[in-house]
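Below: the structure, in structure tokens.
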Amino acid sequence: MSVRRAASNVPDPAVEISLLAGGEVAFERILRRIDEARTRIYLRCFNWRDDETGGTVAQALLRAAERGVKITILKDRVGMHYEYLEGGNQSFFHKRVGLGVRLQTWFLMAAYRRWGSLRQNPSPHADALLQHPNITVSRDDKRFDHSKLWVFDDQLVILGGMGIGDDSRWANVDFMVELAGAEAAARLADRYEGRAAFDPQRPFDYLLHSFSAAGADDSLREQRLRLIGSARERVTIEMAYLGDRACAEALLAAVERGVLVTLLTSERANVLGDLNLRTCHELLRRTKNAENLRVFLHPRMVHGKAIVVDGLQVDIGSANFTPLSHGAYEEVNLYCQDAVFAQAVEEAIEREILDSQPARHPVPHSPVNAWLERFISHRQAARIRQS
């Protein structure tokens with residue numbers, strides 16, 4: 001559904017912004033854009049699973065490469081650990097599992113209590129991508145890049161929370177967003193290449209946690225805290241992972257000043273499950289189950305990351321409310337000011353709330369596991385910042 005035309009001060013800047021709610025809708029659009037591409041496809045991803053969806057995307061990219069499209073794939077090596085311990089346990093690109101990788105993955109499996117597999121099957125589709133002369137694949141670097149980003153022909157941008165895999169396409173509650181128009185891709189390049197700082201006065205911009213973006217006041221976390229702090233009527237949030245204390249305090253402050261705060265997350269997240277529940281528990285405890293704090297727990301995995309403030313401002317993309325997203329991983333979110341688009345996001349969240357259960361204090365969870373998950377999350381973030 002196309003929901004918005006944005007404008008800025010540059011010539012002919014029209015950008016159509018479409019919300020892609022749910023993996024079935026999002027991957028239909030992604031596959032169509034791959035088939036329509038004529039010159040260039042640029043892709044950044046954290047997770048790429050070797051399953052039906054992973055193979056379908058690879059086949060579409062190979063068809064594009066055969067007709068002469070130049071394709072660049074930046075696949076983060078860090079994501080392989082989560083490919084081994086979730087979904088079908090098969091990584092698309094990372095088939096060789098050395099001792100160091102085994103030890104790190106075993107540690108994550110034990111910490112998150114998710115027992116995956118390190119036995120990897122061959123992937124002919126991955127081999128074909130790696131060997132094609134029109135495709136450049138970077139897969140061996142630890143880039144700590146958690147973004148999910150597609151750029152087609154320097155005209156279309158698709159970003160959001162979905163990796164490449166059956167879980168994203170068929171199982172998770174999640175979002176992608178498409179921005180159509182040359183200005184969308186040009187602004188993204190300006191942000192990533194350090195030519196422009198985030199400008200909240202623009203009708204749309206990109207919120208980054210990046211090691212190259214310009215401007216001293218460019219922190220994704222600080223901009224989010226300002227966004228929540230600016231709320232006067234309501235804040236509606238769908239969030240995969242919680243645990244950033246400053247974000248929790250900002251939500252508490254919003255409740256205290258009378259703002260209606262709605263939070264949708266998972267009944268049991270795939271990782272950081274007890275930390276998520278602990279955060280909900282503390283929000284409800286400290287507000288004494290306030291009527292203007294609505295917390296909902298969804299039976300499916302909520303993987304979306306979206307904030308809507310006062311029915312006007314939207315922050316949506318790959319970044320969670322965690323120390324990793326705010327201080328260690330590369331992330332990219334869309335920020336825009338538009339009542340129609342904000343309504344579309346809020347309505348998508350409210351539809352999922354219909355399938356959820358309201359939470360009240362006390363929220364059942366393991367305090368010990370929550371502490372351990374918080375420790376691991378902070379430790380990972382600190383190690384990445386020091387590397």
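The values are calculated or read from the model by the stated rules, or taken from the named source; none is laboratory data. All figures in this text were calculated on a predicted structure; none of them were measured in a lab. Here the Cβ is made from the backbone with ideal geometry for all residues, glycine too, and neighbour counts use every protein chain on show.
Just to be sure, is residue 238 of a type in the set (D, E, K, R), in contact with a Gly (Cβ under 7 Å, 6 or more places away or on another chain) and either closer than 30 Å to residue 151 by Cβ or crowded, with 16+ Cβ neighbours inside 10 Å (or both)? Yes: the conditions hold for residue 238. For region 311-323, the criterion of being touching a Ser or Thr at 6+ places or on another chain (Cβ under 8 Å) and part of a helix (DSSP H, G or I) is met by at least one residue.
When the criteria are applied in full, residue 344 fails the requirement of being within 29 Å of residue 150 (Cα to Cα), outside the structural domain of residue 114 (by TED's automatic domain parsing) and in contact with a Phe, Trp or Tyr (Cβ under 9 Å, 6 or more places away or on another chain). Among the criteria (1) surrounded by 17 or more Cβ atoms within 10 Å (Cβ to Cβ); (2) touching a residue at least 60 places away in the same chain (Cβ under 8 Å); (3) in a helix (DSSP H, G or I), the one residue 251 does not fulfil is (2).
Does at least one position in region 143-151 carry a residue that is under 25 Å from the mean Cα position of the chain (by Cα), surrounded by fewer than 16 Cβ atoms within 10 Å (Cβ to Cβ) and either outside any strand (DSSP E or B) or of a type outside the set (S, T, N, Q) (or both)? The answer is no; no qualifying residue exists.
To keep it simple, each residue is scored yes or no on (1) crowded, with 17+ Cβ neighbours inside 10 Å; (2) at pLDDT 95 or above; (3) within 20 Å of the chain's Cα centre (by Cα).
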{"site": "8", "(1), (2), (3)": "no, no, no"}
{"site": "15", "(1), (2), (3)": "yes, no, no"}
{"site": "21", "(1), (2), (3)": "yes, yes, yes"}
{"site": "31", "(1), (2), (3)": "no, yes, yes"}
{"site": "42", "(1), (2), (3)": "yes, yes, yes"}
{"site": "52", "(1), (2), (3)": "no, yes, no"}
{"site": "60", "(1), (2), (3)": "yes, yes, no"}
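Residue-wise test of (1) outside any loop (DSSP other than H, G, I, E, B); (2) without any contact (Cβ under 8 Å) to a residue 60 or more places away in the chain; (3) more than 21 Å from the chain's Cα centre (by Cα).
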| position | (1), (2), (3) |
| --- | --- |
| 129 | yes, no, yes |
| 136 | yes, no, yes |
| 159 | yes, no, no |
| 162 | no, no, no |
| 169 | yes, no, no |
| 176 | yes, no, no |
| 191 | yes, yes, no |
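The helices (runs of 4 or more DSSP H) falling completely within region 6-117 that include 3 or more residues that are in contact (Cβ under 8 Å) with a residue 12 or more places away in the chain, in contact with a helix residue (DSSP H, G or I) (Cβ under 8 Å, 6 or more places away or on another chain) and within 30 Å of residue 342 (Cα to Cα) map to 23-36. In this structure, does residue 180 turn out to be within 29 Å of residue 65 (Cα to Cα) and not assigned by TED's automatic domain parsing to the domain that holds residue 90? No, not satisfied.
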